[in-house]
Amino acid sequence: MDLSVILVNWNTRELLRACLASVRAALAASPLSAEILVVDNASSDGSAAMVAAEFPEAQLFANRDNLNYAGGNNQGIAAATGDFLLLLNPDTEIPVGAPDALVEFLRTHPHAGAAAPALVYPDGRLQPSVRGFPTPQALFGALSGLGRLLPRSGWASYHAAGLPSDQASRVDQPMASAFLVRKSALDRIGAFDEQFPLFFNDVDLCFRLKQAGWEIWYDPRVRVVHVGGASTRQVRPEAIRRSHEGLRRFYEKHYRGKLPHPVYAAIVALIGLGGCLRIAAARLRGSRAG
C-alpha cells in the first residue's frame with residue numbers, strides 16, 4: 001500500500017463530510033494505492049453514522065471515549081498499512097494531485113521524514129502554518145517582542161517568517177493539519193506521545209524526527225484548504241489552557257535538567273503567565289460577544 005490517509009474527528013460532521021469528499025476525489029484521480037482511516041472520538045453529532053453511510057470505503061473506528069488527537073492518530077497509525085501516512089484534520093479539503101505531489105516529494109528526498117503543504121483559508125489567503133521549535137531563545141524572542149525588532153536573528157526563529165513561496169524549504173515544525181510522514185520514520189522514533197493529548201504532540205513528533213536525523217520539509221507549491229480550529233473553537237478557553245500545558249510539558253520533556261534551573265523556572269513561569277493572560281482575554285471577548 002502506498003498511502004494511508006488518517007483523519008481524527010470530534011463533532012465536525014459537515015466539515016468531515018467535505019474533507020472526505022475531497023479525499024475521495026483526489027484518490028480516484030491518483031495512481032497511488034491508498035486507504036482511508038477515520039477515527040471518530042465519541043462525537044455526539046452523528047459523524048460516525050455519516051461516515052459509515054456515505055463513505056463505506058473508509059475504515060471507521062467509532063470510539064466510545066474521546067482519545068484526543070494524539071491517541072486517535074496513534075489508533076489510525078497502528079492500523080495503517082501504507083508506506084506513507086497522510087494525517088489530515090477534518091477541517092481540510094485536499095485538491096486533486098496534492099497527495100501524489102507530497103508522496104513523490106518524499107520518494108525523491110530519501111532523508112525527508114515528513115513533508116507538509118501550504119495551508120490556505122477558504123478564500124485563498126495563505127495561512128501561517130510553519131514555526132521554528134520553541135527553544136528558549138525563540139520563545140523569549142516571541143514573548144518579549146525582540147523577534148519583531150530583530151526579524152533576521154535567532155530571536156525571531158519561532159515564527160519562521162520569510163520562507164520562499166515558490167520552492168520547498170527545510171523547516172522545523174509545520175502544522176500537522178495536513179502532514180505526510182514516512183511510516184518507516186515512525187517505526188524508528190515512535191508515533192505521537194500521548195502525554196501531549198491535544199497540543200504540542202506534533203511539535204514533539206517533529207522534534208524527535210529531527211533528533212533522529214530526518215529532515216522535515218514545507219512545500220508551498222502544494223496547497224490545502226484549512227478552515228482552522230473547528231474542534232478547539234468549541235472549547236476555546238480550555239483549548240488555550242491545554243495548549244500552554246502542552247508547551248510546559250514539551251519543556252519538561254526536552255529541557256528539564258538541560259537548562260540552568262533559574263532559566264528553566266523562569267520559562268515555565270512565563271508559559272503559565274502567558275496562558276492565564278490569554279484565557280482572560282478570551283473570556284473577556286466572549287462576554288462582550290454575548
Discussion item. Can you find, within the range 116-125, the residue that is farthest from residue 215 (Cα to Cα) among those that are surrounded by fewer than 20 Cβ atoms within 10 Å (Cβ to Cβ) and touching a residue at least 60 places away in the same chain (Cβ under 8 Å)?
Written reply: 122
Fill in: Residue check for residue 26: buried (at least 21 other Cβ atoms within 10 Å of the Cβ) and within 24 Å of residue 199 (Cβ to Cβ)
no
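Given the range 120-189, what helices (runs of 4 or more DSSP H) lie entirely inside it while holding 1 or more residues that are over 30 Å from residue 77 (Cα atoms)? Give the derivation first.
Numbers: elements: 136-144, 146-149, 183-189.
Answer list for the range 120-189: 136-144, 146-149.
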Response to the item:
Residue hits (the range 181-206; of a type in the set (Asp, Glu) and over 15 Å from residue 4 (Cβ atoms)) are 193, 194, 202, 204
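Look at the range 99-115 and say how many of its residues are among the aliphatic types (A, V, I, L, M), in contact with a helix residue (DSSP H, G or I) (Cβ under 8 Å, 6 or more places away or on another chain) and surrounded by 24 or more Cβ atoms within 10 Å (Cβ to Cβ). Give the steps one after another, and end with the answer.
Residues of the range 99-115 that are among the aliphatic types (A, V, I, L, M), as a first pass: 101-103, 106, 112, 114-115.
Filter again for in contact with a helix residue (DSSP H, G or I) (Cβ under 8 Å, 6 or more places away or on another chain), leaving 112, 114-115.
Still in the running and surrounded by 24 or more Cβ atoms within 10 Å (Cβ to Cβ): 114-115.
Residues meeting the conditions: 2.
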Worksheet item: Which one of the conditions (1) within 13 Å of the chain's Cα centre (by Cα); (2) over 14 Å from residue 114 (Cβ atoms); (3) at pLDDT 95 or above does residue 192 fail to meet, given that it meets all the rest?
Response: (2)
Item to complete: Please state which of the following conditions residue 224 fails to meet, knowing it meets all the rest: (1) in the same structural domain as residue 11 (by TED's automatic domain parsing); (2) part of a helix (DSSP H, G or I); (3) not charged (D, E, K, R).
Response: (2)
Discussion item. Suppose the filter is surrounded by 22 or more Cβ atoms within 10 Å (Cβ to Cβ), touching a Pro at 6+ places or on another chain (Cβ under 9 Å) and polar (S, T, N, Q); does residue 4 pass it?
Written reply: no
Discussion item. Just the residues that are touching a Lys or Arg at 6+ places or on another chain (Cβ under 9 Å), at pLDDT 95 or above and under 18 Å from residue 109 (Cα atoms), please, taken from the range 161-189.
Written reply: 167, 168, 171, 172, 173, 174
Fill in: Residue check for residue 266: closer than 19 Å to residue 142 by Cα, among the aliphatic types (A, V, I, L, M) and surrounded by fewer than 18 Cβ atoms within 10 Å (Cβ to Cβ)
yes
Discussion item. Cβ contacts < 6 Å: first residue modelled with pLDDT of 80 or more and surrounded by 16 or more Cβ atoms within 10 Å (Cβ to Cβ), restricted to the range 142-160; second residue of a type in the set (D, E, K, R) and not in a loop (DSSP other than H, G, I, E, B), any location; separation 6+ or different chain. Result?
Written reply: 158/131; 160/131
Worksheet item: So, in the range 29-49, of the ones that are of a type outside the set (Gly, Ala, Ser) and surrounded by fewer than 20 Cβ atoms within 10 Å (Cβ to Cβ), which residue ends up farthest from residue 104 (Cα to Cα)?
Response: 45
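The values are calculated or read from the model by the stated rules, or taken from the named source; none is laboratory data. All values reported here derive from a predicted model rather than from experimental measurement. FYI the Cβ positions are ideal-geometry reconstructions off the backbone, even for glycines, and counts take in every protein chain you see.
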